[in-house]
1. Kindly indicate which of GLY186, GLY151, GLY208 is of a type in the set (Gly, Ala, Ser), surrounded by fewer than 21 Cβ atoms within 10 Å (Cβ to Cβ) and modelled with pLDDT of 95 or more.
2. Please list, ordered by first then second residue, the pairs with beta carbon atoms under 7 Å, 6 or more apart or interchain, first in segment 224-245 and in contact (Cβ under 8 Å) with a residue 60 or more places away in the chain and closer than 18 Å to PHE280 by Cβ, second of a type in the set (Val, Ile, Thr) and assigned to a loop (DSSP other than H, G, I, E, B).
Amino acid sequence: GGNEPNPNLGYGNPGFPNADYSGYAPQQNPYGFSPAEYQPAGYPPGPYQVQPGQAMPNQPGVPVTAWMPVPPAIPNCPPGLEYLSQIDQILVHQQVELLEALTGFETNNKYEIKNNMGQRVYFAAEENDCCTRNYCGPSRPFTMTIVDNTGREIMKIDRPCRCSACCFPCCLQKLEVQAPPGTVVGYVVQNWHPYLPKFTIQNEREQGVLKIRGPCIPCSCCTDINFEVKSMDESSVVGRISKQWTGSVNEIFTDSDNFGIQFPMDLDIKTKATMLGACFLIVS
């Protein structure tokens, strides 16, 4: 159908205009404030007041990236999610942390979220403590806060500590998406399967909306990992979540990840937001 993702067109492919996502040179201070000044609770916008759709002031060594223009308000839409009404692809780029790259010491993950034109839409930051990050690994609990170009918190993603081993089907992963923070708009729950990664996207009433199915052996060696997003009866593919292979050097020396999310333009906005949350769960 017209809404099915093109399996031959990867994220960062030249088919997406102006979107070159190969290589991902480490970005230095693209938001106008240093990591030390970054406060997850308040998200100060930094010393530069950037108008919607305009680029950050050019700084030495910092690529100029425009923000996506602010869309008009939409009735009954959670504030800040209006951007999602105008896009059918999301590109998520994890920022490379120098300390982590040099020492292997896990730091809080930070992500740039862009549309397929390369315009920045949101910024996401993980919040948890040092011991949790370094000892719990992929099963760690976390809170992910997502802000827009004004520093306003528009989403919060919460994942408790769960065991994902197939021998413990009673403790499978579950993630909650809030937009705005404090108002649940959806859930992502892991479905037990002996060898396939499978998930269900639920609405705020915990009713199933979409299914996610990953590859049998999710090996990231020299290839992308693609998760198909399907209707509840799994009869049709409606989207895709992909983890890009970033090259042997990046894969060996950093855990910096790049993701792509594809969905129908007319998909419910809250479901799009929940798919963004699913991205952080299934590829963690």
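The values are calculated or read from the model by the stated rules, or taken from the named source; none is laboratory data. Note that the structure is a prediction, hence the values are computed from the model and not measured. Here Cβ is always computed from backbone atoms with ideal geometry, including for glycine, and neighbour counts include all displayed protein chains.
1. So the residue among GLY186, GLY151, GLY208 that is of a type in the set (Gly, Ala, Ser), surrounded by fewer than 21 Cβ atoms within 10 Å (Cβ to Cβ) and modelled with pLDDT of 95 or more is GLY208.
2. none
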